[in-house]
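Since the structure comes first, as structure tokens, the remarks are kept for the end.
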Amino acid sequence: VMDRKRDIHFLSTEQSNIQQTERYSVLHIHGVRKTADGSDVVGHRWWVAPSPREFPTEEGIRQEMTQLRDWLIELQKAPFEEDYLGPVLFEPQAAAEFFRQLLPKQISGSPPKSEAPNEWGGSTPISAAREGRRIFDGNWKVEDLPQKRGLLGSYQFDYEGVESQNLTLIKKGVVNELLMSRTPRKGKAKSTGH
């Protein structure tokens with residue numbers, strides 16, 4: 001259970017000073033069970049309300065907990081899906097989301113020291129990208145081609161004024177090159193114009 005309150009101030013050059021108080025309470029139930037192979041199956045139930053008085057009754061919460069438990073038990077017993085080695089097809093929006101979530105931490109050679117704070121106020125350090133790390137099976141290849149005119153996202157110079165470079169980031173499923181800004185790292189002193 002978490003009770004959050006924050007004051008938001010809106011200040012302007014016209015001497016406006018508006019204060020708004022935002023308050024809400026969160027009730028979170030988190031359930032975990034282990035499968036036969038040792039992996040976790042996880043489930044959550046969330047309630048967010050202006051105050052704890054607006055949460056469900058204790059009986060309602062117990063019913064939700066029971067349903068979550070039963071669902072996790074069924075999930076724990078579910079058969080394993082056989083490995084599929086055939087092609088995987090993505091619609092354009094799904095493909096973009098897949099790469100957006102998977103690749104940045106693996107190919108960013110000069111990332112920030114940590115991610116933005118999470119909802120609990122903590123932050124998670126970003127793992128360092130590493131050349132030679134396998135992140136795909138098979139013959140996957142990922143290129144960044146900012147110099148190729150006519151493509152969405154093409155550019156001649158990055159925001160730091162460094163000329164862009166075409167890079168083969170992933171070759172045969174393995175990290176081949178890293179995107180570098182002017183912020184250096186061990187073994188990588190120069191920007192790649194990214």
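The values are calculated or read from the model by the stated rules, or taken from the named source; none is laboratory data. Since we're looking at a predicted model, the values are computed, not measured. Cβ: placed from backbone, ideal geometry, glycine included. Neighbour counts: every protein chain shown. Ligands, DNA and RNA are excluded from the accessible area calculation, which covers all protein heavy atoms including side chains. Shrake-Rupley method; radii C 1.70, N 1.55, O 1.52, S 1.80 Å.
Applying the criteria of a DSSP loop state and at most 12 other Cβ atoms within 10 Å to the chymotrypsin sites (Phe, Trp or Tyr not before Pro) of region 1-88 yields PHE80, TYR84.
Of the options (i) 0.98; (ii) 1.08; (iii) 1.03, only one is Rg/Rh (Cα atoms, Kirkwood Rh) as computed from these coordinates, and that is (ii). Please label the shape of region 1-112 as rounded, prolate or oblate, based on the square roots a ≥ b ≥ c of the eigenvalues of the alpha-carbon gyration tensor (a/c under 1.5 means rounded; beyond that, a/b larger than b/c means prolate, else oblate). It is oblate, given that a/c is not under 1.5 and a/b is not larger than b/c.
Solvent-accessible area assigned to carbon and sulfur over the chain amounts to 52 percent, based on a 1.4 Å probe.
Helix 92-102 sits at what angle to the longest principal axis of the chain, using alpha carbons and giving 0 to 90 degrees rounded to 10? Value to nearest ten degrees: 90. Here ARG4 and THR66 are evaluated by their C-beta separation; at R0 = 22 Å the FRET efficiency comes out at 0.20.
With R₀ fixed at 41 Å, the C-beta to C-beta distance from VAL42 to LYS141 puts the FRET efficiency at about 0.75. Considering only LEU167, LEU72, LEU85, the Gaussian network model of the chain with Cα springs below 10 Å gives its largest mean-square fluctuation to LEU85. Against the main long axis of the alpha-carbon atoms of the chain, helix 58-77 sits at an angle near 50°. Within the same chain, aspartates and glutamates fewer than 8 places from LYS141 are excluded, and of the rest, those with a Cα less than 15 Å from its Cα are GLU131, GLU177.
Scanning the chain for GluC sites (Glu not before Pro) lying in DSSP loops with no more than 15 further Cβ atoms inside 10 Å, the longest uninterrupted stretch between such sites is 15-80.
For a quick check, take a GNM of the chain with Cα springs below 10 Å and name the residue from ASP83, ASP158, ASP137 with the largest mean-square fluctuation. Taking springs between Cα atoms under 10 Å, the residue moving most is ASP83.
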